[in-house]
1. Please work out which one of (1) outside any helix (DSSP H, G or I); (2) in contact (Cβ under 8 Å) with a residue 24 or more places away in the chain; (3) under 24 Å from ILE97 (Cα atoms); (4) more than 20 Å from the chain's Cα centre (by Cα) is the condition LEU11 fails and give its number.
2. State the number of residues belonging to the range 19-44 that are surrounded by 15 or more Cβ atoms within 10 Å (Cβ to Cβ) and under 21 Å from HIS91 (Cβ atoms).
3. Out of (1) part of a loop (DSSP other than H, G, I, E, B); (2) farther than 24 Å from VAL27 by Cβ; (3) not charged (D, E, K, R), what's the single condition that is false for LEU296?
4. When the range 26-67 is examined, which residues are found to be of a type in the set (Lys, Arg), in contact with a Pro (Cβ under 8 Å, 6 or more places away or on another chain) and under 21 Å from ALA135 (Cα atoms)?
5. Applying the selection to the range 261-287, what residues are more than 27 Å from MET23 (Cβ to Cβ) and assigned to a helix (DSSP H, G or I)?
6. Does the range 47-63 hold any residues that are of a type outside the set (Gly, Ala, Ser) and either within 20 Å of HIS32 (Cβ to Cβ) or in a strand (DSSP E or B) (or both), and which are they?
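We did not get these values from a lab; they are worked out from the coordinates using the rules stated. Quantities reported herein were computed from a predicted structural model and do not represent experimental measurements. As a convention, Cβ positions derive from the backbone with ideal geometry for all residues, glycine included, and neighbour counts pool all protein chains shown.
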Amino acid sequence: MSKIPTITQFLESNSTRLRLFDMGRRVVRISHEQFLKFEHCEISYPFPLQQKAWFGILFQEQEREPFIWFLHLPLDEVGRLIPAARDDFLHRLLERIGENIQAEKEGQPLGSALKDNPYCFKPKDDRLAIFHAKASQALREPPSKYYAHARQYFSGRLGWDQWPFVGYQGIADMAVHLNEDNNNRHLSRAILQLPACPLEALCHCLENEEITLDITQALLDRVKETLTEETPDPVIITSAIRGMAQSCSVNLRKELLHTILNQPDICSPDVLIAISGRAWEPLKETETGRLYLERLAENSAGQPFFSQCLADLLYLPGMRESLLKLIRNPDRSERLSQAVGEMFGSAG
């Protein structure tokens, strides 16, 4: 058998239709063209996490039921694929299904070929729920049986204290079907009244979607409301950051982050990591990035936390140039200068 150079081409050689999703920072679609360029080492992985690419592949062989693979592959120092790891994955795969692809077609399906493969992983349950909601939508299948009950709850008809009975899969389905069944209207109204726990679950689902102006405004209003309290609830703040991560409104997203970052007392490590881990794109903008770095330098978890968060951000495609410009700015604070100096092993 001739060598198959990429995972994509290997699967497509078996007449499969592929749909690819990032499973690391967010559960979002990756285009076929983008993933091929990544596999050919032409571009960095768009959403690296812990110096790995974490992704799901939804594929269907001819008339068979769809299969799902969840894989992680190591990345080099600039976020590109390490070909040897990909080749090792394929080698292990071929050992499982045999060198003859035709024999595989007649016997063991590809979906069961990953047993004991070290490049496989199982996502957490909440990520699986989001993935299944997106996969069902991609396959033009209806939402789960939990969807109708979730819609009833978020419409306010059941009482806000009834959240323990709402299935997480139903919340994920609502986020994926945000622009259907009046879900946008129901959610934008509910956000101002939800207890912290269901709000957190909702926002963890919304972070994977391009949310509307109405929902972004509701999240901003909820943060402003909680900031008037004697002890602002950090869960509401971190939830709002994550929920608005892909907002269609650049201005409201910026206002929400500035509202938070301009209050040092509420910028806990959890808040800072919610920004760098899920809502990092606004940090490319000079003032937002400057505010974030200053709060990061003041963080209560110390220098290791600063170094870890900044290194993670610098690893993201498109972030390095803008952040390096900020940390080299001679007008940066003394505290930021000290943190940067300790991180890079030099003063200032």
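1. (1)
2. 4
3. Just one mismatch for LEU296, condition (1).
4. Across the range 26-67, the qualifying residue is only ARG64.
5. Those that are more than 27 Å from MET23 (Cβ to Cβ) and assigned to a helix (DSSP H, G or I): LEU261, PRO264, ASP265, ILE266, THR286, GLU287.
6. Scanning the range 47-63 gives PHE47, PRO48, LEU49, LYS52, TRP54, PHE55, ILE57, LEU58, PHE59, GLN60, GLU61, GLN62.
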